[in-house]
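Chemist: Okay, here's the structure, questions in a sec.
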């Protein structure tokens, strides 16, 4: 066995870090400078869901599935986002909806059974972290999970899910599509709404997974209730970030925008460390994610180099 090493799984933070489409730009300013005051002291003003960060249940829901008020960051166990982990290699097409079939395929290739994931941190390597930038490819056209993946994580009793993409849900399950009170239905590369582009590429029935009214129109209320009814029963809009809510509502926390040298860990087991600020009544927090692993186990890939905004 080789020595234990630490692998950084965090995107570097700066005022120019790529951020979610309607988040304000981080502001970094200096209160003291070395030349004038002999010390460097900086201040940061930014959304806590910037860059690599974690979510607490209160971020997306009022109540969890046990009927209790959704928990804030300070109410989560200190090790809620930390533990024995595995990195699954998710093979899915661009803009694809990750489902149980993709997760189980990844488990086979990682030589782990889904039932062995109980109590583990599951890191998903979809390849999106490699293109982390202020682009439509990273935000608009990302692959992502939905309600069926959320149910799969709950069924297999995972502890935490850390994803290398823009959110725990597919972008069309978020306000980038036609969901939520802050819905944007953003314009895609063609100059038309993302929802229109998706229907043209995958068909209306595929798009209905992301649209409550259309799902009911095509499949009926009973079918909608069967798929999304557990969310609706606790006051949640079923097609709006359902994987977030299914996970967090069952106490499975999440990390978004996982990055760094994630490719060195694909199909490997390791120890995952992630600690949010002990933020009273927080909805999440920026985090430093690190893996501890035997150096002989690392995949032989180059160190990650970042070029935000181009070269």
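Values in this text are rule-based calculations from the coordinates and carry no lab data. Quick caveat: nothing in here was measured; it's all calculated off a predicted structure. Positions of Cβ are backbone-derived with ideal geometry, glycine not excepted, and every protein chain shown enters the neighbour counts.
Chemist: What percent antiparallel are the DSSP beta bridges of the chain, to the nearest 5?
Modeler: Here the share of antiparallel DSSP bridges comes out near 65 percent.
Chemist: Ordered by packing density, taken as the mean number of other Cβ atoms within 10 Å over each peptide's residues, highest first, how do 159-171, 229-241, 14-26 rank?
Modeler: Ranked by mean Cβ neighbours within 10 Å, highest first: 159-171, 229-241, 14-26.
Chemist: Another question about this same structure. Based on the Cα atoms of region 70-173, what semi-axes does the equivalent ellipsoid have, where each is the square root of 5 times one gyration tensor eigenvalue, given in whole Å with the largest first?
Modeler: 22, 18, 13
Chemist: Return the calculated 222 nm mean residue ellipticity for the chain, to the nearest 500 deg cm²/dmol, obtained by summing -39500 (n - 2.57) across DSSP H runs with n ≥ 4 and dividing by the residue count.
Modeler: Here the helix-only value at 222 nm equals -5500 deg cm²/dmol.
Chemist: Based on the inverse mean of 1/r over its pairs of different Cα atoms, what is the Kirkwood hydrodynamic radius of region 15-80, in Å?
Modeler: It works out to 15.0 Å.
Chemist: So what's the gap between the Cα centers of region 1-47 and region 105-126, to the nearest angstrom?
Modeler: Value for the Cα centre distance between the two parts: 32 Å.
Chemist: A follow-up question, please. Which number comes out as Rg/Rh for region 121-215 once both Rg and the Kirkwood Rh are worked out on C-alpha atoms?
Modeler: 0.98
Chemist: Let a ≥ b ≥ c be the square roots of the eigenvalues of the Cα gyration tensor of region 88-128; is it rounded (a/c under 1.5), or, if not, prolate (a/b larger than b/c) or oblate?
Modeler: Prolate shape, in that a/c is at least 1.5 and a/b is the bigger ratio.
Chemist: Let me ask something additional. Could you identify which residue out of 104, 256, 226 has the top mean-square fluctuation in a GNM of the chain using Cα springs shorter than 10 Å?
Modeler: 226
Chemist: Once the convex hull of the C-alpha atoms of the chain is built, how many Å³ does it hold per residue, rounded to a whole number?
Modeler: In the chain, the Cα hull volume divided by residue count equals 155 Å³.
Chemist: I need the shape label for region 1-43. Rule: rounded when a/c is under 1.5, else prolate if a/b > b/c, else oblate, with a, b, c from the alpha carbon gyration tensor.
Modeler: oblate
Chemist: Averaged over every viewing direction, what's the projected area of the C-alpha convex hull for region 51-107? Give it in nm², one decimal, please.
Modeler: That works out to 6.1 nm², a quarter of the Cα hull's surface.
Chemist: With no solvent and one point on each alpha carbon, what is the Debye value of log10 I(q)/I(0) for region 203-262 at q = 0.22 Å⁻¹?
Modeler: -0.86
Chemist: Express in % the proportion of alpha carbon pairs of region 191-237 at distances exceeding 16 Å.
Modeler: Summing the P(r) tail past 16 Å for region 191-237 gives 42 percent.
Chemist: Run the numbers on region 1-160 and let me know its relative contact order in percent, using alpha-carbon pairs under 8 Å that are six or more apart.
Modeler: This gives 20 percent for region 1-160.
Chemist: Share of antiparallel DSSP beta bridges in region 1-160, in percent to the nearest 5?
Modeler: Percent antiparallel among DSSP bridges in region 1-160 is about 45.
Chemist: What per residue convex hull volume, in Å³, do the alpha-carbon atoms of region 5-151 yield?
Modeler: For region 5-151, the hull spanned by Cα atoms encloses 182 Å³ per residue.
Chemist: Could you identify which residue out of 132, 275, 246 has the top mean-square fluctuation in a GNM of the chain using Cα springs shorter than 10 Å?
Modeler: 275
Chemist: Debye calculation, C-alpha points only, no solvent: report log10 I(q)/I(0) for region 187-311 at q = 0.10, 0.12, 0.15, 0.20 Å⁻¹, in the same order as the q values.
Modeler: Once normalised to I(0) and log-transformed, intensities are -0.58, -0.80, -1.03, -1.10.
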